[in-house]
Structures are given as C-alpha cells and as structure tokens.
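Undergrad: Below you'll find the structure I mean.
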Amino acid sequence: MTQPVIDYYLSPVSPWTYLGAERFRKLAASHDAKVNVFIMDLALVFPETGGLPLPKRSPQRQVSKCNRNL
C-alpha cells in the first residue's frame, strides 16, 4: 500500500490555520500521511475568487460562527 499524501493549503493570517492545526497533525499522523504544505497569500486569492477580506465583509458576515451565541 502506498503512503497517503495530503496537499495542505494554508494561510498564516487565517485563524482557521491555527484552530485546526493540532487536529490536522493528528489526522495525518494517524494515517502515516506525507503532508505537502502550500502557503497561500489570501491577498492574491480573494481578488481572483471574488472573496473579501474580513474587514470588507458585511457586519453579519464578520461574526464568527463560533461566537454567535456569546
């Protein structure tokens, strides 16, 4: 059986990169997967995909799903 490979795209400015890091590492390790890390610059991605950085989104979209009930 060949070793699984994960192409992992991340942005150092995204909190999701850090919130999911431990879980991702454990998942990759549990499958003995090789991880190829690709760092993305969201300032280049957003204009190409129609996305907006958090400060430019509507106030309703600036609220994290995790904090809605606080």
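Undergrad: Applying the selection to region 40-56, what residues are open to solvent by 70 Å² or more (accessible area, probe 1.4 Å) and either among the aliphatic types (A, V, I, L, M) or under 17 Å from the mean Cα position of the chain (by Cα) (or both)?
TA: Residues satisfying the conditions are Asp41, Ala43, Leu44, Thr49, Leu52, Leu54.
Yes/no matrix, rows are residues, columns are (1) aromatic (Phe, Trp, Tyr); (2) surrounded by 11 or more Cβ atoms within 10 Å (Cβ to Cβ); (3) modelled with pLDDT of 95 or more:
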site	(1), (2), (3)
Met1	no, no, no
Asp7	no, no, yes
Arg25	no, yes, yes
Val35	no, yes, yes
Phe38	yes, no, yes
Ser58	no, no, no
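Undergrad: Looking only at region 25-42, which residues are touching a strand residue (DSSP E or B) at 6+ places or on another chain (Cβ under 7 Å) and in a helix (DSSP H, G or I)? Please lay out each step first, then the result.
TA: To start, the set of residues in region 25-42 that are touching a strand residue (DSSP E or B) at 6+ places or on another chain (Cβ under 7 Å) comprises 28, 33-40.
Hit for region 25-42 is Ala28, nothing else.
Undergrad: On to the next question. List pairs: first residue in region 39-59 and closer than 17 Å to Tyr9 by Cβ and in contact (Cβ under 8 Å) with a residue 12 or more places away in the chain, second residue β-branched (Val, Ile, Thr) and surrounded by 10 or more Cβ atoms within 10 Å (Cβ to Cβ) anywhere in the structure, Cβ distance under 9 angstrom, at least six positions apart or on different chains.
TA: Going by the 9 Å Cβ cut-off, the qualifying pairs are Asp41/Val13; Leu42/Val13.
Undergrad: Within region 10-22, is there a residue that is part of a strand (DSSP E or B) and either in contact with a strand residue (DSSP E or B) (Cβ under 9 Å, 6 or more places away or on another chain) or open to solvent by 60 Å² or more (accessible area, probe 1.4 Å) (or both)?
TA: Just the residues of region 10-22 that are part of a strand (DSSP E or B), to begin with: 10.
Checking the rest, the ones that are also either in contact with a strand residue (DSSP E or B) (Cβ under 9 Å, 6 or more places away or on another chain) or open to solvent by 60 Å² or more (accessible area, probe 1.4 Å) (or both) come to 10.
Yes, region 10-22 contains at least one residue that is part of a strand (DSSP E or B) and either in contact with a strand residue (DSSP E or B) (Cβ under 9 Å, 6 or more places away or on another chain) or open to solvent by 60 Å² or more (accessible area, probe 1.4 Å) (or both).
The values are calculated or read from the model by the stated rules, or taken from the named source; none is laboratory data. If you're wondering where the values come from, they're calculated on a predicted model, not measured in any experiment. Positions of Cβ are generated from backbone atoms using ideal geometry, with glycine treated the same way; all protein chains shown enter the neighbour counts. All accessible areas refer to the heavy atoms of the entire protein, side chains included, with ligands and DNA or RNA removed. Shrake-Rupley method; radii C 1.70, N 1.55, O 1.52, S 1.80 Å.
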